[in-house]
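Participant: Structure in structure tokens, see below.
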Amino acid sequence: MGSRYDKLFAALREKNEGAFVPFIMLGDPTPEASVDIIRTAVAAGADALELGVPFSDPVADGPTIQASHIRALDGGATLDSALEQVRTIRSEFPDLPIGMLIYGNVAFARGVGRFYAEFAEAGADSILLPDVPVREGAPFIAAAKEAGINPIFIAPARAAERTLAGVAEHSQGYIYAISRDGVTGTEKESETTGLDEVVASIQRFDGPPVLLGFGISSPQHVADAIAANAAGAITGSAITKIIDRHVSRETGAAGTIEDADALHAELTEFISAMKKATKK
């Protein structure tokens, strides 16, 4: 039996499509709201999910996603509540690949073995620790494999061959390739020229499928990623900005969504357009 990622990518190849994977922060602005947002994303066409767990010092993230960490933490988000949300999502979507993006300190604080085992039990397929490079990944790789979790590593835009070889060797499920240097976000637009070189340099090492992320904020960016032979694209900040626009700033109402119908309509329109752009 292949993994959920294997089955997804095989099915998409049959349809001549790429994958569209939204990043959504668990607990932003509340656990209940974030699960509803995820339901909308799946209904709109998301092929898989990348879910964040709030952390106080998200060094790989730009201002937009940093704000989502803070909103979730201000709302009382914890690792236990994140695990419960993953259980809920897995129960509703048994075949959907669920990836987690979580900072390394969270794993250390929980205990690395326990951390991976708990996410496996909750139903996660993969875990990416954005602040743990592959050269420092051995204990995390071992714990992930022991728990039955796919370890994911980032392939930087201008990485040395040794780094790319390690990322390809140790990533399972997919490789997260970044389209440009820097942090997440749409404040610095993604350079979509040269993406074919980024993807080709990684694919030389025969790893799992490549998903492009960082600054992917429009259907054209997605289409460019697919044209560059990536298996799909990951979008986070553009989705988080939509959520941010609908979160109340009023005293006493902070952290609540002002108009849920408007939020879900805007998310549906955006995600549907991004998914449509994966079709070759």
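The values are calculated or read from the model by the stated rules, or taken from the named source; none is laboratory data. Because the structure is predicted, anything quoted here is derived from the model rather than measured. Glycine also receives a Cβ, built like all others from the backbone with ideal geometry; neighbour counts cover every protein chain displayed. Accessible surface is based on the protein model in full, side chains and every heavy atom, while ligands, DNA and RNA are left aside. Shrake-Rupley method; radii C 1.70, N 1.55, O 1.52, S 1.80 Å.
Participant: For Thr184, which of the numbered conditions (1) part of a helix (DSSP H, G or I); (2) β-branched (Val, Ile, Thr); (3) within 23 Å of Ala46 (Cα to Cα); (4) at pLDDT below 90 fails to hold?
Facilitator: So Thr184 meets the others, but not (1).
Participant: If Ala157 meets every condition in (1) within 30 Å of Gly45 (Cβ to Cβ); (2) modelled with pLDDT of 95 or more; (3) not in a strand (DSSP E or B) apart from one, which number is that one?
Facilitator: All conditions pass for Ala157, except number (2).
Participant: Additional query: Could you please find all residues in the range 216-241 being closer than 24 Å to Val35 by Cα and assigned to a loop (DSSP other than H, G, I, E, B)?
Facilitator: If the condition is that a residue be closer than 24 Å to Val35 by Cα and assigned to a loop (DSSP other than H, G, I, E, B), then Ile216, Ser217, Ser218, Gly236 are the ones that fit.
Participant: Can you tell me how many residues within the range 129-145 are open to solvent by 40 Å² or more (accessible area, probe 1.4 Å), touching a helix residue (DSSP H, G or I) at 6+ places or on another chain (Cβ under 7 Å) and either among the basic types (Lys, Arg) or part of a helix (DSSP H, G or I) (or both)?
Facilitator: Counting residues in the range 129-145 that are open to solvent by 40 Å² or more (accessible area, probe 1.4 Å), touching a helix residue (DSSP H, G or I) at 6+ places or on another chain (Cβ under 7 Å) and either among the basic types (Lys, Arg) or part of a helix (DSSP H, G or I) (or both) gives 2.
Participant: Mind checking which residues of the range 242-268 are open to solvent by 70 Å² or more (accessible area, probe 1.4 Å), touching a residue at least 24 places away in the same chain (Cβ under 8 Å) and either in a helix (DSSP H, G or I) or touching a Gly at 6+ places or on another chain (Cβ under 6 Å) (or both)?
Facilitator: Taking the range 242-268 first, the residues open to solvent by 70 Å² or more (accessible area, probe 1.4 Å) are 245, 249-252, 254, 258-259, 261.
When the remaining residues are screened for being touching a residue at least 24 places away in the same chain (Cβ under 8 Å), the result is 254.
Correct list: empty.
Participant: Follow-up question, since we're still on this one. Please work out if Phe93 is open to solvent by less than 40 Å² (accessible area, probe 1.4 Å) and within 19 Å of Ile234 (Cβ to Cβ). Spell out how you get there, then give the answer.
Facilitator: Values: open to solvent by less than 40 Å² (accessible area, probe 1.4 Å): no; within 19 Å of Ile234 (Cβ to Cβ): yes.
When the stated conditions are applied, Phe93 does not pass them.
Participant: Would you mind stating whether Phe20 is surrounded by 24 or more Cβ atoms within 10 Å (Cβ to Cβ) and under 20 Å from Lys275 (Cβ atoms)?
Facilitator: yes
Participant: Go through (1) at pLDDT 90 or above; (2) surrounded by fewer than 24 Cβ atoms within 10 Å (Cβ to Cβ); (3) part of a helix (DSSP H, G or I) and name the single condition Met274 misses.
Facilitator: All conditions pass for Met274, except number (2).
Participant: Given the criterion modelled with pLDDT of 95 or more, closer than 29 Å to Phe108 by Cα, open to solvent by 10 Å² or more (accessible area, probe 1.4 Å) and aliphatic (A, V, I, L, M), identify the matching residue among Val42, Val35. Outline the logic, then answer.
Facilitator: Working: Val42 fails: closer than 29 Å to Phe108 by Cα.
Within the list Val42, Val35, the selection yields Val35.
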